[in-house]
1. Within the range 82-91, does at least one residue satisfy the condition of being in a helix (DSSP H, G or I), open to solvent by less than 80 Å² (accessible area, probe 1.4 Å) and in contact (Cβ under 8 Å) with a residue 40 or more places away in the chain?
2. Quick check on my filter: what residues within the range 553-572 are closer than 24 Å to THR454 by Cα, open to solvent by less than 20 Å² (accessible area, probe 1.4 Å) and of a type outside the set (A, V, I, L, M)?
3. Condition test on LYS414, is it out of contact with any strand residue (DSSP E or B) (no Cβ under 6 Å at 6 or more places or on another chain) and open to solvent by 30 Å² or more (accessible area, probe 1.4 Å)?
4. Where residues in the range 489-509 are over 25 Å from the mean Cα position of the chain (by Cα) and open to solvent by less than 70 Å² (accessible area, probe 1.4 Å), which of them is nearest to THR427 (Cα to Cα)?
5. For the range 553-571, how many residues are under 29 Å from the mean Cα position of the chain (by Cα) and either among the hydroxyl-bearing types (Ser, Thr, Tyr) or within 20 Å of GLU201 (Cβ to Cβ) (or both)?
6. What residue, of ALA425, ALA408, is within 30 Å of TRP585 (Cα to Cα) and part of a loop (DSSP other than H, G, I, E, B)?
7. For residues in the range 223-253 being in contact with a helix residue (DSSP H, G or I) (Cβ under 7 Å, 6 or more places away or on another chain) and of a type in the set (Ser, Thr, Tyr), which is modelled with the lowest pLDDT?
8. Hey, among PHE554, PHE509, PHE499, which residue is without any contact (Cβ under 8 Å) to a residue 24 or more places away in the chain and out of contact with any Asp or Glu (no Cβ under 7 Å at 6 or more places or on another chain)?
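The values are calculated or read from the model by the stated rules, or taken from the named source; none is laboratory data. This one's a predicted model, so the numbers in the text were calculated from it and none came from an experiment. Counting neighbours? That spans all protein chains shown, and the Cβs are built from the backbone with ideal geometry, glycine included. Please note that ligands, DNA and RNA were not included when accessible areas were found on the heavy atoms of the full protein model with its side chains. Shrake-Rupley method; radii C 1.70, N 1.55, O 1.52, S 1.80 Å.
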Amino acid sequence: CLSAAMADPSIVRANGGVATVRSSIRNSMFKGFGRKLKNDDARRIRRHATVGAPVYVPELRGTKSERRPIVAGNWKLNPSTRDDAMQLLSDLKRNYVNNADSPEVVVFPPLPYLSDALSMLAGTGIEVGVQNAGSRGQGAFTGEVSPSMLASSGCKYVLLGHSERRSLFGETDADINSRIKACLDEPSLNVILCVGETLQEYEAGLLNAIVDTQVRKGLAGVSESDLLSGRIVIAYEPVWAIGTGLVATPEQAQAAHVAIRKTLESVYSENVARSMRIQYGGSVSPESVASLMEMPDVDGALVGGASLKADSFTRIVDGSYPVASSSPSPSSGSSSYPHLFPSGQQEIKQDDPSATIGGTSGAVTFSHAPVSYFDVHKLKSKGPRKNADVGQPYDATRPLVKIGSTSAGSWWCKEGGWLSPNPRATTEVFYVFSGHGCLTDPDGTRHFFGPGDTVLLPKGWKGRWDVLQDIHKVWFVTDHPDTAHNYNPRAVISPYNTFAPQNLNLEGFRADATHGIPSTASYLIHDNGYMRVGCSTVTPGSFAISNQPSTECFHVLEGLFFLTNSDGTARRCVAGDTVCLPKDWSGSWDVIETVKKLWVDVD
């Protein structure tokens, strides 16, 4: 019932409008799930198990029997005292039995306990690693630890790229890449590279794009021989599952691992894709590990909280013993992963409505499209680009709506490059779903962009386009008079973290609130006097809009809300949706979960 109400606006109307449905949701949300969830992210994932983005189950392929499973315990900042650490190490030593066919086992204690771990676990078959390493060899770098120090101490593994290092300490893909290469300079060190998407990225359907980017950038400059020798393990950790008690279904984990192998095949070779060990991480428990390990592309587990109890950790190890793949290996000479979703797949998906444009009563109404409206196979081919000078790029597009001087739609383009020598007649803003590209200004300045980036091409811009990996984007284009910005125009790239909460300007509570105390914050990217571009957030609550003074088109980056037209028609909106509110629109917003949106506002 909840799924139907959130997917079908007619049900919203029939049940007394958004306010009534919202109250019903609050009273009945998640009954029957068996336990009370502890945080907002957990609730969101439970909901999306029913009404979220499509879940794809790829054909099960791989050579699992050739890859030794690996189970790693990340202690993080635990335990709090050396005595507790010594007890945990003692329990591990007592409980663990190393057999000839055992998975490889590694523990990652905090640095102060490193020496104790190396001493107590010597000869047990349990390897010891560290949770981070610097990229410098030596010098005046207070607080850093070099790979050579770790190698000479007896460490075998280094954990790099964990989501907590990325989000809490600002480590970038470039930082992680430099650390990986520094560790590989030490012959005795191996690396576990963590990759994974946030909840917002998952909801927006960006899982494949995010892990593809993290793998490509994290392994940039790493040789194929290092990968074939087994010195790097990839750990896929959906960020929404870390510490929440939630675990991706085995099929979800399998799909993500196949996507990673597809990237490895694209960047390196089929041999690398087949031989690379990929762990799953994210609230792994003794109860969940066996079903995960049945998947042919899941090669072990990166364990968090459960690794702090010797009994639970060794039970996870016991559940990770090698399992032969139930699917035949691909024949020699054929690609293991010719496509992420090969023939024979199962696809579990919700309804895929077309764009909602206009209401039923002649009122001024909004336009809406879910992310599925812009699926690549639904775009209309425009054919090869005749001005291409690199590769053989061709593109496809699908418009959503045109309101006055502003239009919105989606575009996809195959790899290649071309000159754009004529100044743009319009200003374009686009959000990158997937792919990588480079825009070159007339003065030679290059602007690289990838998934999650927002790109602004102002009126008057000219230069060069290079599509480095097939690009898929949602775009907003505005035709406006010349402005001072038309002189010496330059491309502007705004990475997703540009819109982090600490970068937004607080605007206070909404004076037009009708329920709750919704507040807003924003970040302005561009203002040329006729149009404005930015990102903003609004917290839960309801507010009414009467005769909106300008046209606003936006792409939803995060959150959940309902929009209701003045004629009573309504639409549930989530991350990945695109919405256009025309000038003079009247209606109401009901924000269920904090919304973040990329917007273009035109007078």
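1. yes
2. CYS553, PHE554, HIS555, GLY559, PHE561
3. Taking the combined requirement at face value, the residue does not satisfy it.
4. Filtering the range 489-509 for residues that are over 25 Å from the mean Cα position of the chain (by Cα) and open to solvent by less than 70 Å² (accessible area, probe 1.4 Å), the one nearest to THR427 (Cα to Cα) comes out as PRO489.
5. The qualifying residues number 8.
6. Among ALA425, ALA408, only ALA425 is within 30 Å of TRP585 (Cα to Cα) and part of a loop (DSSP other than H, G, I, E, B).
7. The qualifying residue modelled with the lowest pLDDT is THR244.
8. That would be PHE509, the only listed residue that is without any contact (Cβ under 8 Å) to a residue 24 or more places away in the chain and out of contact with any Asp or Glu (no Cβ under 7 Å at 6 or more places or on another chain).
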